[in-house]
Structures are given as structure tokens and as C-alpha cells.
Amino acid sequence: MTDKWPDWLPLRESLRSRTPYGAPQVAADARLNTNENPYPLPENVARAIEESINAVLTGLNRYPDRDAMELRKALVGYVREHILSKTTLDVPELDEGNVWPANGSNEVLQSILLAFGENVAGFAPSYSMHSILTEAVGKSFKAVPLKGDFTPDLEVLKGFLAAKRPSVFFLTTPNNPTGRSIAIEQIGLIAGLVASHGGLLVVDEAYGEFSDQQSAITLIDEYPALIVVRTMSKAFAFAGARLGYAVARREVIDALQLVRLPYHLSAITQAAALAAIGESRLLLSEVAQIKRDRDALAQSLSELGFDVTPSDANFILFGGFDSFETIKGWTSERLWRALLERGVLIRDVGIPGTLRVTVGTSAENDSFINALRAIATA
Ligand SMILES: Cc1ncc(COP(=O)(O)O)c(C=O)c1O
């Protein structure tokens, strides 16, 4: 890989052996590999977005609102109405100063890494972009292993925090790629531990809408060094538009302004997101269906004889290939490829002996189960 880059290119040494991140974008009948919402936007939502975008088109000669104030107000409204209204816990008073939107939550995560700390850590396995972004901005990432059942080991965490004192610690709930979520009491404990060593806890809730757990947004009054990152890419069926956001105490959000690019969020994106938030109820209407389909898919996988990690998200991690004579000893890559040959694209997330499947439409889920059954029980 090192040979690939010419000598005259002053590429940073730490990037020379890298390849760009990304799931394979290959054609398949059932694309169940990137945890998107499988349902297209309803026609009337698409029309509302179109009208909202049309209204800003003649103003594109000017830069957009750098602070995205209207969008931030709308996001606060969404958080209050759809996230905090479900909790029985005390909820923080929020206004637009507590929210920061960007082009997908990946950009929010990158801003966090640009703004805070030098040494960064997080549980593993988890969302690989946390470590990739950390290293891309020139910082080091250390992983704290989860237990065999993919739950955190607080004793291991305590020892790690005392020894390494990371300034940023990532926790993803529901976790990707495992699907497991962490109860709010435990997130509070972890926030307290991270803060006691001078660190900021980043809670990545990209899949929060699929979970029955309380959001860590409820904790920001009690634990100021905490930032919650959410996205419209998953439950909201809005991945193509690119809109993620952070919710935190005002001081934390203010610090992100120090590293943001001027006019980072185009007028078109702001207009599209505003219209989509106005249609939240409709856009989120498939979430309940996806959760039911997830549970049915998990059951089908178990009934077939696979090991299934309990999921609180819109995807499922499964393993136990060795229980089947036909695929005994197969690597994840081999089973992944066999499924692809049958038109079903899922994800090899790099955990040996497992694969991750995104919950799709009923027809896609059936195609996946039928293909898997045919391969494993041939
Ligand atoms: C845990 C987690 N966080 C963040 C993201 C990034 O999402 P986006 O940049 O589309 O908001 C993803 C995408 O798969 C994810 O799984």
C-alpha cells in the first residue's frame, strides 16, 4: 500500500498505509449493509422539501445562515417533542444554543475531535469512524474492550480511565455493530467516571429512535462534560440529505464553533432539513414497523440456528456459523460473498465469525433469510 503514493506527494506518514473508509457500494437486489431506513420518503414529504428548497434557490448568491438558527430551533423542537417527551426523568431546558447541526453526524464527530483533547478512547467493538476520524485529525485512539456479550465492563473501564485519562471517550448506544444499548443509569455512571478524570463523554445515539432506552440528553444538566450526537440518516429516512446534530450544554456547543468551517451547512441542506423536521411524525412513522420487523428477523435467525446479539437498533449482528455442517469453518467474508451472489448485500464488520444485517422491507428481509437458509442448510 505504501508503494501506491508517489514520493513527491507530502502525504502525512500516518495516512500512507490507509484506505478510504466505506462499505462496498455494489448493486444488489436487497441492500442491507448500511443501516438506512429502507422506506422511500412519502410523496408529500418530498413535495414539502422541494417547496422549501425552491424558496431559497434565488438567494443562493449569498452565503447561508452560518449559525443555522432556524434549523437549530427546529431541532430543539424535535428533541423536546419526540425524544424528551418520552422520558420520566427530569429534562434539561434546551434552546438553540444547546444544539449544533452539520453535514451528517460524522461531521459533528469530526468537529468534536478537532475541538477537544489529545488522547481519545472508546469501547470496542463499536462504530469504526470514531477511531478513523481520531487518527485522521492526528490524535491517538485507544480501545477499551467490551465483554464477550458486548456489554461494558465498568471495572476494566475504571482501570483504563485511571491509567490513561482520555480527554474524549466514545460510547455508542445502541451500539453499532452489536445493536446492544446501555441503560441510562449506566451511562450516568460512565459519564461520572470519565468526567472525574477530566474527560468529555461523547454519546453517539445515531440509532436512538429505534431504542426503548432513555436518551443521554436527559443527563446534560447533571454531567456537563457530556455531548450527545444524533442523526437524521437512520430513523428519519434522510441519509441522502446529510444532517446530524449534537446536543449539549451551551459551553460545549460554543467550543464546537471554534473549529466549524464557515457556512458549513448549505442553504439547500438547511431548507431540506427544516421541511423534513416539519414532517417528523410522518418520516418516523416507519420506525415502529422496522422495530417489529427487527424482532421478527432476529427470531427467524435464531430459529434457523444462528447466534443473535439482542438488538435495540435497526440491524442485527449474528454468528454461530459452525452450527451448520455446510458452512462450518467459513469466514465472515466467505458467507458475505455467498449471500451477495444470491443478491443480498449485508456487512462484514470485521468481527470474526459474525455478520451484520440491516432490517429492510419485509420482501428484503425474506430474501435475506431465504438466501441464508439455502446457503447454510444446503
Ligand atoms: C454509530 C454511528 N454514528 C454515526 C454515524 C454517521 O451517520 P451520518 O454521518 O449519516 O449521520 C453512523 C453511520 O452509520 C453510525 O453507525
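Quick notes on this structure:
- Checking Glu118 against (1) in contact with a Gly (Cβ under 7 Å, 6 or more places away or on another chain); (2) open to solvent by 10 Å² or more (accessible area, probe 1.4 Å), the condition it does not meet: (1)
- Residue count, segment 113-137 (criterion: closer than 15 Å to Val259 by Cα and within 11 Å of the ligand (Cβ to nearest atom)): 1
- Flag if Arg47 is within 14 Å of Glu279 (Cα to Cα) and of a type in the set (Lys, Arg): yes
- Test result for Phe141, open to solvent by less than 50 Å² (accessible area, probe 1.4 Å), touching a His at 6+ places or on another chain (Cβ under 8 Å), within 16 Å of the ligand (Cβ to nearest atom) and not in a loop (DSSP other than H, G, I, E, B): yes
- Among residues of segment 89-112, those that are within 10 Å of the ligand (Cβ to nearest atom), in a helix (DSSP H, G or I) and aliphatic (A, V, I, L, M), counted: 2
- Selection of helices (runs of 4 or more DSSP H) fully inside segment 268-376 by the criterion of at least 1 residues being over 28 Å from Asp204 (Cβ atoms) and open to solvent by 10 Å² or more (accessible area, probe 1.4 Å) returns 287-304, 332-341, 362-376.
Results for (1) over 29 Å from Ile268 (Cα atoms); (2) modelled with pLDDT under 95, shown as yes or no for each residue.
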| position | (1), (2) |
| --- | --- |
| Leu57 | no, no |
| Asp65 | no, no |
| Ile83 | no, yes |
| Leu89 | yes, yes |
| Leu109 | no, no |
| Leu114 | no, no |
| Gly122 | yes, no |
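- So Phe170, is it within 15 Å of the ligand (Cβ to nearest atom), touching a Gly at 6+ places or on another chain (Cβ under 6 Å), in the same structural domain as Pro145 (by TED's automatic domain parsing) and under 25 Å from Thr354 (Cβ atoms): yes
- Flag if Arg260 is touching a residue at least 24 places away in the same chain (Cβ under 8 Å), in the same structural domain as Val76 (by TED's automatic domain parsing), closer than 23 Å to Leu89 by Cα and open to solvent by 10 Å² or more (accessible area, probe 1.4 Å): no
- Condition met for Val76 (without any contact (Cβ under 8 Å) to a residue 24 or more places away in the chain and open to solvent by less than 30 Å² (accessible area, probe 1.4 Å)): yes
- Restricting the first member to segment 332-345 and to residues that are in the same structural domain as Asn35 (by TED's automatic domain parsing), and the second to residues that are of a type in the set (Lys, Arg), the beta-carbon pairs closer than 7 Å and six or more apart or on different chains are Leu345/Arg31.
- Residue-level check: of (1) open to solvent by 30 Å² or more (accessible area, probe 1.4 Å); (2) within 22 Å of Ala195 (Cβ to Cβ), Ala55 misses just (2).
- Selection count, segment 154-179, where residues are over 18 Å from Gly199 (Cβ atoms) and touching a strand residue (DSSP E or B) at 6+ places or on another chain (Cβ under 8 Å): 5
- Residues within segment 209-248 that are in contact with a strand residue (DSSP E or B) (Cβ under 8 Å, 6 or more places away or on another chain) and more than 10 Å from the ligand (Cβ to nearest atom), tallied: 13
So that you can scan it fast, the table gives a plain yes or no per residue for (1) surrounded by fewer than 18 Cβ atoms within 10 Å (Cβ to Cβ); (2) within 21 Å of the chain's Cα centre (by Cα):
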site	(1), (2)
Ser128	yes, yes
Ser131	no, yes
Glu135	yes, yes
Gly148	yes, no
Leu154	yes, no
Leu157	no, no
Leu161	no, no
Arg165	yes, no
Phe170	no, yes
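The values are calculated or read from the model by the stated rules, or taken from the named source; none is laboratory data. The structure presented is a predicted model; accordingly, all values stated were derived computationally and were not measured. Here Cβ is always computed from backbone atoms with ideal geometry, including for glycine, and neighbour counts include all displayed protein chains. Please note that ligands, DNA and RNA were not included when accessible areas were found on the heavy atoms of the full protein model with its side chains. Shrake-Rupley method; radii C 1.70, N 1.55, O 1.52, S 1.80 Å.
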